[in-house]
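Shown next, in structure tokens, is the structure this report addresses.
The values are calculated or read from the model by the stated rules, or taken from the named source; none is laboratory data. Please read all numbers here as calculations on a predicted model, not as lab measurements. Backbone-built Cβ (ideal geometry, glycine too); neighbour counts: all protein chains shown. Side chains included, ligands, DNA and RNA excluded: accessible areas come from the protein's heavy atoms. Shrake-Rupley method; radii C 1.70, N 1.55, O 1.52, S 1.80 Å.
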Amino acid sequence: MAIFNPSIYKDISGSVGNVTSYKIGKTQIARAKTRFMKDAKTPKQLQQRARLRLITRLRRNFIAILKTGYCTSSGKTCTNCFTRDNIGKVNAEDWDHPTLDLLTLSLSDGNLRLPLMEAEVNAEKRLVAFRWKKQPLMPFMAKSDQLVGAVYERKEERSRLVKLGSRGESGEKTWTPPADWDMSQLVVYGFAVSENGQDASGTLGLIETEKTDTSVFDTENI
């Protein structure tokens, strides 16, 4: 970088070749453009990139759910929250094939307490059954809080939000997945959202069907 004041360059701004000139106050400054940026690929960097690659792929499958779970219509905010909450859960020791236990995913966050929920998958009848219990009134827990289910299909990489009941009373609801969903590839979650949609609880991983080594999400086919 150079600071100079010859009359020929007075008030010049912009780039010429490899030099960018601009003015700060009464001072004229010239700076050389960066011609080369070293892309160091240390093991830690490669692991972090692998984590981010997997989280980015997963995030695209939950956009509608994340807007409810993180109480915002901003896609950018959802992206930041999902990445913040989940990137540390990725095992990237093998950075070519990072893995993540899908039941640990966070799809929501806030001050509310977790609901009392469970889920059951009936593959033969193609039903997902949600059940929840009434909870006592406590701080960060209102009877008007709305309970929400989320179902993810691993093979098709699609998800659905299922509106359930309120925290103030026990209940049960069944939901039928789309006809092209594989019932052996489901992961089911649950969380609570305040009645005004401005706050939420963390996420419960409720059930994963046919949980085997293949149920751990990886990026082998990216």
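Here are some notes:
- Boolean, GLU169 is assigned by the TED database to the domain that holds LEU105 and under 25 Å from the mean Cα position of the chain (by Cα): no
- Residue list for the range 94-118, restricted to those being open to solvent by 20 Å² or more (accessible area, probe 1.4 Å) and either in a loop (DSSP other than H, G, I, E, B) or touching a Pro at 6+ places or on another chain (Cβ under 7 Å) (or both): ASP94, TRP95, ASP96, HIS97, ASP101, SER106, ASP109, GLY110, ASN111, ARG113, LEU114, LEU116
- Criterion applied to GLY75, GLY69 was being under 20 Å from ARG158 (Cα atoms), small (Gly, Ala, Ser) and modelled with pLDDT of 95 or more, and the one residue passing it is GLY69.
- Whichever residue in the range 143-181 is part of a loop (DSSP other than H, G, I, E, B) and small (Gly, Ala, Ser) and, among such residues, is surrounded by the fewest Cβ atoms within 10 Å (Cβ to Cβ): ALA179
- In the range 131-142, the residue that is nearest to ALA200 (Cα to Cα) out of those that are open to solvent by less than 50 Å² (accessible area, probe 1.4 Å) and part of a strand (DSSP E or B) is MET141.
- Scanning the range 61-82 for residues that are open to solvent by 30 Å² or more (accessible area, probe 1.4 Å) and either assigned to a helix (DSSP H, G or I) or free of Cβ contacts under 8 Å to residues at least 12 places away in the same chain (or both) yields a count of 12.
- Flag for THR99 being in the same structural domain as LEU186 (by the TED database), farther than 17 Å from VAL193 by Cα and of a type in the set (Ser, Thr, Tyr): yes
- Count of residues meeting criterion [within 25 Å of the chain's Cα centre (by Cα) and surrounded by fewer than 16 Cβ atoms within 10 Å (Cβ to Cβ)] in the range 119-128: 1
- Residue in the range 26-47 that is open to solvent by 40 Å² or more (accessible area, probe 1.4 Å), under 30 Å from GLY149 (Cα atoms) and at pLDDT 55 or above present: no
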